[in-house]
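The values are calculated or read from the model by the stated rules, or taken from the named source; none is laboratory data. Just so it is clear, the structure is predicted and the values come from calculations on it, not from any experiment. Note: ideal-geometry Cβ built from the backbone for every residue, glycine included; neighbour counts use all protein chains shown. Surface areas here come from the heavy atoms of the whole protein model, side chains and all, with no ligands, DNA or RNA. Shrake-Rupley method; radii C 1.70, N 1.55, O 1.52, S 1.80 Å.
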Amino acid sequence: MKLKVLMVCLGNICRSPLAEGILQSKVNSERISVDSAGTGGWHIGNQPDPRSIAVARKYGLDISSQRCRKFSVHDFDEFDIIYVMDKSNYENVIAQSRNSTDLSKIRLLLSEIGSSEIEVPDPYYDSENGFEKVFQMIDKACDAIAEKLERNTI
């Protein structure tokens with residue numbers, strides 16, 4: 001059975017598409033699938049932000065075929081692990097949980113690396129450099145996640 005991981009941010013155009021692409025590039029796609037969603041529905045059907053596409057491309061990843069979608073309660077049934085980018089996303093996803101099983105699936109992305117920073121900042125209103133910083137944070141967390149998934153310690 002394939003393990004399914006969901007990455008969640010606010011609009012599903014900056015951070016979670018990067019997290020989806022980065023983690024997918026680090027895991028065996030026959031064993032693990034990765035998707036992303038946003039807690040808000042403003043960008044449904046759109047590509048990720050051009051700045052996310054550009055920073056991903058800089059590191060050899062193509063996320064341009066992704067399409068934004070909104071997180072729904074049904075995602076708890078579809079996914080085994082749900083990573084959120086910040087406390088606001090965490091609270092929004094928790095608010096939709098139905099039971100303790102749903103709750104047990106939700107994690108802050110940076111909690112996997114024991115970072116002093118627990119939130120991946122939203123680079124939407126930031127410069128190009130903000131996207132680079134976010135890419136590096138997510139990449140580091142995804143390294144740790146991929147390693148744990150390979151060892152089955154998640």
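For (1) more than 15 Å from the chain's Cα centre (by Cα); (2) more than 19 Å from Leu149 (Cα to Cα), each residue gets a yes or a no:
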{"residue": "Gly38", "(1), (2)": "no, yes"}
{"residue": "Val55", "(1), (2)": "yes, yes"}
{"residue": "Gln66", "(1), (2)": "no, yes"}
{"residue": "Lys70", "(1), (2)": "no, yes"}
{"residue": "Phe79", "(1), (2)": "no, no"}
{"residue": "Asn89", "(1), (2)": "no, yes"}
{"residue": "Thr101", "(1), (2)": "yes, yes"}
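When Gly60 is tested against (1) over 16 Å from Leu6 (Cβ atoms); (2) surrounded by 11 or more Cβ atoms within 10 Å (Cβ to Cβ), only condition (2) is not met. Within segment 1-23, the set of residues being of a type in the set (D, E, K, R), modelled with pLDDT of 95 or more and farther than 16 Å from Asp62 by Cβ comprises Lys4, Arg15.
A count restricted to segment 113-129 and to residues that are without any contact (Cβ under 8 Å) to a residue 60 or more places away in the chain, part of a helix (DSSP H, G or I) and either of a type in the set (Ser, Thr, Tyr) or within 16 Å of Arg15 (Cα to Cα) (or both) stands at 1. Within segment 36-48, the set of residues being touching a helix residue (DSSP H, G or I) at 6+ places or on another chain (Cβ under 9 Å) and open to solvent by 30 Å² or more (accessible area, probe 1.4 Å) comprises Gln47 only.
Annotation note: of Arg67, Arg107, the sole residue that is among the basic types (Lys, Arg), touching a residue at least 12 places away in the same chain (Cβ under 8 Å) and in a loop (DSSP other than H, G, I, E, B) is Arg67. All conditions in (1) under 27 Å from Thr101 (Cα atoms); (2) open to solvent by 30 Å² or more (accessible area, probe 1.4 Å) hold for Arg51, with the sole exception of (1). The set of residues from segment 76-104 being in contact (Cβ under 8 Å) with a residue 12 or more places away in the chain, open to solvent by 10 Å² or more (accessible area, probe 1.4 Å) and in a helix (DSSP H, G or I) comprises Glu78, Lys87, Ser88, Tyr90, Asn92, Ile94, Gln96, Thr101.
From the list Ile145, Ile154, Ile118, which residue is β-branched (Val, Ile, Thr) and open to solvent by less than 10 Å² (accessible area, probe 1.4 Å)? After ruling out the rest, the residue left standing is Ile145.
Criterion applied to Ser16, Ser25, Ser52 was being touching a strand residue (DSSP E or B) at 6+ places or on another chain (Cβ under 7 Å) and not charged (D, E, K, R), and the one residue passing it is Ser16. When the criteria are applied in full, Lys26 meets the requirement of being open to solvent by 60 Å² or more (accessible area, probe 1.4 Å) and at pLDDT 95 or above.
Only a single item in (1) on the phi > 0 side of the Ramachandran plot; (2) open to solvent by 10 Å² or more (accessible area, probe 1.4 Å); (3) touching a strand residue (DSSP E or B) at 6+ places or on another chain (Cβ under 7 Å) is not met by Ser33, and it is number (1). Within segment 1-39, the residues that satisfy the criterion of being closer than 16 Å to Pro123 by Cα and small (Gly, Ala, Ser) are Gly11, Ser16, Ala19, Gly38.
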